């Protein structure tokens, strides 16, 4: 008897959450990330790849900039890429030279913080000012200051 025999069929159906433009192919290739005008590099592993992007495994302490170049395997081709997301050792990237590349900004990487709405800014009369005053004599007598 199968363990899945009591599971409703709608749960077993493949509701593929894959929403990528191009299908990814599993791979294990060495790669090198280049940034800072080609002056900074570090090694990584490509876990899966497609014509539009890839999944990289890299050291958690390695800083991955928003845009960089990546050279995969033994090829001489340096592909420009943009960071889509970063979760621990995994980084999803989008190739900027792909045919499906669009100029829409990534929802996961922001250039600068959004400005606060006008109703969130405090009015000048709502700001409390600290005004120095003399300490009460009872406090001065009972607390050792030296």
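Here, each number is a calculation from the coordinates, and none is a lab measurement. All figures in this text were calculated on a predicted structure; none of them were measured in a lab. Positions of Cβ are backbone-derived with ideal geometry, glycine not excepted, and every protein chain shown enters the neighbour counts.
Table for the structure above
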| quantity | calculated |
| --- | --- |
| Point-to-point label distance, residue 75-residue 143, nm (Cα→Cβ direction, 7 Å offset) | 6.9 |
| Simple spin-label estimate for residue 96 and residue 42 in nanometres, 7 Å along Cα-Cβ | 2.0 |
| Overall dimensions of the range 17-100 as given by Cα atoms, namely Rg and Dmax in Å | 11.9, 38 |
